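Since the structure comes first, as structure tokens, the remarks are kept for the end.
Since every read-out is calculated from the coordinates, none of them should be taken as a lab result. In this text, all values refer to a predicted model and were calculated from it rather than measured experimentally. In this analysis, Cβ positions are derived from the backbone assuming ideal geometry, glycine residues included, and neighbour counts consider all displayed protein chains.
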Amino acid sequence: RAWSGLFSVMVAWQALVAGTASSLFFVVLNVAMNIYTKWLFAPSGGAFALPWTMLAVQQAQAYAVLQPWLARLDPVHWGWGWQTSSSDSIPQEDMLSMATFWQVLAVTVLFCLNVGFNSLSLVEISITLNQTVRAFLPAGVLLLAKCIEQRDYHPHSYWTTIVLVGGIALACWGSPDFRPYGFGLALLSTCVAALGTSLNGRLLSSGPFSKSSRSASFGIARLIMLQSLPAFCMFSFVAWWTERDALRAILSEGGRWTWCQRVVLVSLSSCLALLSNLGRCFLVAATSALMETMAGNAKVAALC
């Protein structure tokens with residue numbers, strides 16, 4: 001009995017250390033990515049103010065990095081892991097069913113919609129009010145926990161979130177930058193993000209992407225790879241629709257060295273984005289989707 005109690009304490013401490021380390025990794029990387037992206041868009045910095053093009057490049061480079069590594073681990077299916085009758089290179093529980101694929105696609109679409117609505121809201125309202133509204137995200141994740149993420153949170157999580165939401169409501173009240181259209185877009189973006197975060201938490205808590213599969217790193221890397229391809233298609237379409245003239249102008253100006261510099265700068269952004277996504281998924285796998293939203297609020301506090 002004593003050994004059983006000691007083992008339980010060790011497991012609890014291991015989970016606490018893993019959650020704390022994942023949270024710090026996620027917050028530090030997100031702060032670094034936000035600062036670097038702001039510099040990259042600034043005329044006095046990288047002078048590459050093409051956010052949709054940058055997002056498309058980030059997804060393409062994430063796929064180019066992850067797919068060869070996953071294909072080496074799963075050569076029969078090239079890292080995709082489709083469920084077939086002759087699938088014997090990786091365990092059957094790690095195979096990708098059609099139902100799981102549709103969930104991955106839904107998370108990707110929700111992510112793209114979240115980015116789009118949030119970007120439109122920033123045109124109408126200040127970034128301070130936008131981030132204040134986005135801080136409602138933990139409340140949305142808690143409301144969706146039972147039906148989407150399929151898990152129960154401790155009651156203290158609800159009381160903490162109520163206090164947080166009350167503070168946000170007071171901060172928004174009477175804001176001089178308040179515009180109904182922009183506020184509505186920010187709120188819609190937050191709702192979409194809560195739905196996507198909950199569904200992502202469900203994918204990472206059970207099935208082929210969870211830490212109960214053959215390895216957590218393999219499952220998380222495959223999830224990000226699968227999401228990168230449809231995200232690249234959607235971001236590329238928006239980039240072509242909104243930024244093609246500006247991209248042509250950038251491509252035509254400067255010599256080869258200038259163009260190589262820009263490729264390196266955008267690639268550094270892709271590296272930070274990939275590490276940030278990996279950190280986010282490891283955080284959800286080690287803790288919960290709710291912890292990801294709390295860490296996101298810590299990132300906002302650090303940036304402010």
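Couplings 3J(HN,Hα) for region 219-230, derived from phi with the Karplus relation 6.51 cos²θ - 1.76 cosθ + 1.60 (θ = phi - 60°), are x, 5, 4, 5, 4, 5, 4, 5, 6, 5, 5, x Hz, where x marks Gly and Pro.
Packing around the peptides 152-160, 231-239, taken as the average count of other Cβ atoms within 10 Å per residue, puts them in this order, highest first: 231-239, 152-160. Amide H contacts under 5 Å for L96: W82, Q83, restricted to partners 5 or more places along the chain or on a different chain, H placed in the peptide plane at 1.01 Å from N.
Rounded to the nearest 0.05, what FRET efficiency do L73 and F101 give with R0 = 30 Å and r taken as the Cβ-Cβ distance? Could you check?
Working: r = 19 Å, r/R0 = 0.63.
Result of the calculation: an efficiency of 0.95.
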